[in-house]
Amino acid sequence: MKSRLTFVVIIISLLLLFTGIGICQDKINASDWVDKVSQGNINWSAGYIEAVGIGAPPEKLAGKINARPIALRAAQADALRNLLEITKGVQVDSSTLVKDFTVESDVIDTQVNGLVKGALIVDYQYMPDGKAEVRLRLPLYGNLAQIIMPLAMAKPPAAPAPAVKASESPSAPVVYTGIVVDVRGIQARPAMFPRIFDEDGKEVYGLANVDREYAEKQGISGYTHDLTAAQTNHRVTANPITIKAVRTSGPGKSNIVISNTDARNIRSSAESATFLKQCKVVIVLN
């Protein structure tokens, strides 16, 4: 009777845990830019990090009624380890990963570890062999951005070297509502805080241009691999300017260089200060 009561308590506790955290199974959109990594993925479009963990009960409990909750706990612990590894490998900018900041500061390391421990359980299932699988999700922005952004702002990457260019004629100012940057074909990579430069190495867009509240909530740019989806994205609203990037720079290939003509068009737009502050930028990758 006592062992049966103990088992019931364990089951109720686990049900409360999983119900309280919430179970959801979002499907990945066809236009989402997703980096598949070991034991998980980073969805740069939807703005989250996921990791999967697998756990097994001790051999002595194989086939017994209390094996499942133990397997679940083991799977969750495995998923947490995997999620921490993936999170620390996230590209912050073209020269820095999250783990670079955690190595430099015990405080940041503790904060990131604590954040990962609070990750959302989005799915769990039992396998025929008695093992359990748990999938965890951590927002890419929000609390993680609050931790990382001040460090990224204090350590800006170097600007790219100016390129040789032909003379250009100024364009008439136009009212734009956002920017779509097409970086397909130049091996660009996503990052939490990418930067856009003109051909002279002057920054057009980056953390220096944004309102911190917007940046922490949604990141300073969206990502997709579909140009039409980018141009109709609610983030850039009605009339975005679409730009074809010239090249990338930095080891992480997330610094983007655009032509001086496009840079001038952005700067001269009557609404540029507003849409840049509100992070109305979408980057198209392939």
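The values are calculated or read from the model by the stated rules, or taken from the named source; none is laboratory data. Source: prediction; values computed, not measured. Using ideal geometry, Cβ is built from the backbone for each residue, glycine included, and neighbour counts are taken over all protein chains shown.
Data overview
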| read-out | value |
| --- | --- |
| Lone unmet requirement of (1) at pLDDT below 90; (2) under 24 Å from residue 271 (Cβ atoms) for residue 159 | (2) |
| Any pair with Cβ under 8 angstrom, 6 or more apart, that starts in segment 120-131 at a residue that is polar (S, T, N, Q) and ends at one that is surrounded by 14 or more Cβ atoms within 10 Å (Cβ to Cβ) | 125/132; 125/133 |
| Single condition residue 252 does not satisfy, out of (1) buried (at least 17 other Cβ atoms within 10 Å of the Cβ); (2) at pLDDT below 95; (3) more than 21 Å from the chain's Cα centre (by Cα); (4) closer than 23 Å to residue 152 by Cα | (3) |
| Test: residue in segment 179-193 that is free of Cβ contacts under 8 Å to residues at least 60 places away in the same chain and surrounded by 18 or more Cβ atoms within 10 Å (Cβ to Cβ) | no |
| The lone exception for residue 148 - which of (1) over 14 Å from the mean Cα position of the chain (by Cα); (2) in a helix (DSSP H, G or I) it fails | (1) |
| Strands (runs of 3 or more DSSP E) within segment 181-286 that include 3 or more residues farther than 18 Å from residue 93 by Cα | 240-244 |
| Wholly within segment 1-107, helices (runs of 4 or more DSSP H) carrying at least 1 residues that are within 30 Å of residue 285 (Cβ to Cβ), of a type in the set (Val, Ile, Thr) and at pLDDT 95 or above | 67-88, 98-104 |
